[in-house]
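**Student:** Structure provided below as structure tokens; questions to follow.
Read-outs throughout are calculated quantities, based only on the coordinates presented, and are distinct from any laboratory measurement. In this text the structure is predicted, and so the values were computed from the model without any measurement. Cβ atoms come from the backbone with ideal geometry, glycine included; neighbour counts cover every protein chain shown.
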Amino acid sequence: MTGAGNATTHASAVLVDRCAVLIRGPSGSGKSRLAFDLMLAARAGQIPKAVLIGDDRVHLQAAKGQLVVQPARELAGLIEIRGLGIRRSEFIERAVVGLVVDLSADDGERLPRAEALQAIILGVKVPRIPIAHGFAPLPVVLGALTLAASSSADQPTQDCWKGIGNHISPTIPTE
């Protein structure tokens with residue numbers, strides 16, 4: 001993928017149903033682990049099918065108001081599994097990002113502020129989950145993917161999250 005508006009980022013991405021989960025964070029924060037855990041959760045029936053898009057490095061592009069992710073060509077179909085090394089995996093070549101997970105996030109809090117629940121990447125606003133260092137991201141991400149929001153929020157793109165029941169809400173009722 002080349003051209004204006006493209007960016008390569010140190011991240012992993014997994015397609016869950018029809019929307020990509022983009023996983024960002026510093027080296028060693030668990031990006032590959034969360035990607036693999038999402039694929040295992042799908043095999044266990046906890047979430048719809050989850051397929052690798054890319055591990056370690058992905059290409060991002062803004063297109064028609066959506067954020068599109070593709071694997072880095074030289075890493076396509078490869079994922080690092082700690083303790084086993086680099087393994088081959090089924091992969092998808094392109095998907096629309098519907099959720100950003102930031103690992104070891106400075107603003108990862110028990111009850112995050114509304115503005116922390118959105119990321120703007122290449123001018124595209126995407127729902128975001130900030131996970132503080134030392135906290136297990138999988139339960140939080142599974143909760144976001146499987147539990148209906150308890151209050152209204154911006155609707156996801158038409159192609160994303162249909163049937164999953166997730167519309168990440170920037171606000172949580174306190175009563």
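**Student:** For the range 80-108, how many residues meet the condition of being touching an Asp or Glu at 6+ places or on another chain (Cβ under 9 Å), of a type outside the set (A, V, I, L, M, F, W, C) and touching a residue at least 60 places away in the same chain (Cβ under 8 Å)?
**Tutor:** Residues that pass the stated criteria total 1.
**Student:** Right, next: Cβ-Cβ distance below 6 Å, separation of 6 or more or different chains: which pairs start in the range 12-29 with a residue that is crowded, with 24+ Cβ neighbours inside 10 Å and end on one that is of a type in the set (Asp, Glu)?
**Tutor:** Every condition considered, the pairs that remain are SER12/ASP55.
**Student:** Does ALA144 qualify as being of a type outside the set (S, T, N, Q) and over 20 Å from HIS10 (Cα atoms)?
**Tutor:** It is true that ALA144 is of a type outside the set (S, T, N, Q) and over 20 Å from HIS10 (Cα atoms).
**Student:** Residues of the range 87-137 being polar (S, T, N, Q) and under 15 Å from the mean Cα position of the chain (by Cα), which ones?
**Tutor:** Across the range 87-137, the qualifying residues are SER104, GLN118.
**Student:** Can you tell which of LEU122, LEU111 is exposed (fewer than 14 other Cβ atoms within 10 Å of the Cβ) and of a type in the set (A, V, I, L, M, F, W, C)?
**Tutor:** That would be LEU111, the only listed residue that is exposed (fewer than 14 other Cβ atoms within 10 Å of the Cβ) and of a type in the set (A, V, I, L, M, F, W, C).
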